[in-house]
Structures are given as C-alpha cells and as structure tokens.
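A.B. asks: The following block contains the structure, expressed as structure tokens.
The values are calculated or read from the model by the stated rules, or taken from the named source; none is laboratory data. Here the structure is a predicted model, which is why all the values come from computation and not from measurement. Cβ placement follows ideal geometry from the backbone for every residue including glycine, while neighbour counts extend to all protein chains displayed.
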Amino acid sequence: MFGLGINEVVIIGIVFLVLFYGAGKMTDIAKSVGRLTGEYKKGKMEVEKEIEKAKKDLK
C-alpha cells in the first residue's frame, strides 16, 4: 500500500487516533479492540468445532 510496510501503517494509525480522539479515548479504543479480538477468536473456535462435528457425523 503506497510502498508502506505494516509497521508504518500501524504507526500512522496510532498517530491518527491520538490526534483525532485524544489520549483519553485510546484506552476505550484498546478495550474495544481487545473485546472484538476475543469475540472473533471465540467465534472462530465455535465454527471449527462445528466443522469437526460435521466431519465426524459424515464418517
């Protein structure tokens, strides 16, 4: 993306968030991202379990 690596994109994103939302909001944003990540992982595990269950039922 425009010759930028993932590290540069992350740093630009963090600077953008601090400038537009302030440092106080960063904790709320970090908590939300953490919850979102946890929900994603939990959903992924549930789907994987359902797939494994379906594979066993087919055998």
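A.B. asks: Taking the conditions exactly as written (of a type outside the set (A, V, I, L, M, F, W, C) and exposed (fewer than 10 other Cβ atoms within 10 Å of the Cβ)), does G24 satisfy them or not?
C.D. replies: So G24 passes the test.
A.B. asks: Sort through V10, V18 and tell me the only one that's of a type in the set (V, I, T) and at pLDDT 85 or above.
C.D. replies: After applying the criteria, what remains is V10.
A.B. asks: Pairs under 9 Å by beta carbon, first residue in contact (Cβ under 8 Å) with a residue 40 or more places away in the chain in segment 32-59, partner surrounded by 10 or more Cβ atoms within 10 Å (Cβ to Cβ), six or more apart or different chains?
C.D. replies: Note: no pairs meet the criteria.
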